[in-house]
Amino acid sequence: MAKTRTRPIEGKHWAAGVAACLALSIALALALALPRAASAVEVIEPRAFGYTVGEVLQRRVVVDRARDGALDPASLPKAGRYGRWFQLREVVPLPDGARLAYQIVNTPMHLEPENLPSLDVRVIGPDGRSRDAEIGPFTVMVGPVSRFGPNETIDTDNLRPDLDPMPIDTSGLRRRILGSALVLLALAAVQLAPVLARRLGWRRAGPFARALRALRRRALRTGDPAARSAALLKLHSALDEAAGRTLALDNVQALFAVHPWLAPARASVEMLLAESRASFFGQAPPPSRERLLSVAAQLADLERRR
């Protein structure tokens, strides 16, 4: 009878063991199937080298709001000293996570690796349920404040090249400079156009302007009487062309009847014609080159301003 009583008990223990194993397997399967809490958080770490005392490192904690929800601000660490090396200066909550700024507050004797502290944060999912996420430490290289001595060497194989400066957009400045230059050019053209027109002969030169140029080329080069006589003939030709006939002292009024704008030079022209008659038909010398140039310049100026 004793043997028959023990068999059901052994069967019950065996059934209980199988059920426990099955439950454990199901729990393990569910645990493996569920996403890990830490996968809800992404950390953007600073560069891992090139720091010394006083520098600030930025860590960025990012959470996908659409998939994982939002970071609970209450779970973020508080500002303060963390260990021997780092001071958490500020914690800035962001729409997609948070930004943490650590300052290095100590300096090693030699180049050493130091760990930014680990974090335990909480993520509130879209369904309102919260999950804990652990962020591990991050190692950075901290160096002393020193310079290389004469007996020290630099490992040039591990040096990184200098960063190129960010280009500055100068398109707006170039457009303003070009616009200002065009405005100044237009103003200069308006001011200089009349002068250039006269200088370059854009308007056809009149007889007195041509005579003045010829007198300047000839009469100013030499002072002999033959040259002055030739210059006087050139000025006579200009007067004849302007009057439309051969001009003399007897019919000088014909010149001013055709060109009344020459009236301010009437006395000079009549005196020149008198001197010319005395030179060609008498024994008087030709007018001086200063006299010829003065009359020609007066007539050319009136001709230009008419």
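The values are calculated or read from the model by the stated rules, or taken from the named source; none is laboratory data. Worth saying up front: this structure is predicted, and the values here are computed from it rather than measured. Every residue, glycine among them, receives a Cβ derived from its backbone with ideal geometry; neighbour counts consider all protein chains shown.
Residues that are part of a helix (DSSP H, G or I) and closer than 13 Å to residue 235 by Cβ within the range 282-302 comprise 289, 291, 292, 293, 294, 295, 296, 297, 298, 299, 300, listed in sequence order. Just to be sure, is residue 90 loosely packed, with under 15 Cβ neighbours inside 10 Å and either of a type outside the set (Asp, Glu) or in the same structural domain as residue 133 (by TED's automatic domain parsing) (or both)? The answer is yes for residue 90. Only one entry in 235, 255, 273 is touching a residue at least 40 places away in the same chain (Cβ under 8 Å) and crowded, with 17+ Cβ neighbours inside 10 Å, namely 235.
Whether any residue in the range 59-66 is under 42 Å from the mean Cα position of the chain (by Cα), farther than 24 Å from residue 115 by Cβ, aliphatic (A, V, I, L, M) and modelled with pLDDT under 90 is what I want to check.
There is at least one residue in the range 59-66 that is under 42 Å from the mean Cα position of the chain (by Cα), farther than 24 Å from residue 115 by Cβ, aliphatic (A, V, I, L, M) and modelled with pLDDT under 90.
Per the conditions (1) more than 43 Å from the chain's Cα centre (by Cα); (2) surrounded by 12 or more Cβ atoms within 10 Å (Cβ to Cβ), the sole criterion not satisfied by residue 126 is (2). In the range 102-136, what count of residues is obtained for those that are among the aliphatic types (A, V, I, L, M) and under 15 Å from residue 52 (Cα atoms)? Number satisfying all stated conditions: 5. Here residue 238 does not fit the description of being in contact with an Asp or Glu (Cβ under 9 Å, 6 or more places away or on another chain), assigned to a helix (DSSP H, G or I), modelled with pLDDT of 80 or more and aliphatic (A, V, I, L, M). All of (1) surrounded by 11 or more Cβ atoms within 10 Å (Cβ to Cβ); (2) assigned to a helix (DSSP H, G or I); (3) modelled with pLDDT of 75 or more hold for residue 249 with one exception: (2).
Residues checked against (1) modelled with pLDDT under 85; (2) in the same structural domain as residue 214 (by TED's automatic domain parsing); (3) aromatic (Phe, Trp, Tyr):
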{"residue": "262", "(1), (2), (3)": "no, yes, no"}
{"residue": "267", "(1), (2), (3)": "no, yes, no"}
{"residue": "271", "(1), (2), (3)": "no, yes, no"}
{"residue": "277", "(1), (2), (3)": "yes, yes, no"}
{"residue": "281", "(1), (2), (3)": "yes, yes, yes"}
{"residue": "288", "(1), (2), (3)": "yes, yes, no"}
{"residue": "291", "(1), (2), (3)": "yes, yes, no"}
{"residue": "294", "(1), (2), (3)": "no, yes, no"}
{"residue": "301", "(1), (2), (3)": "no, yes, no"}
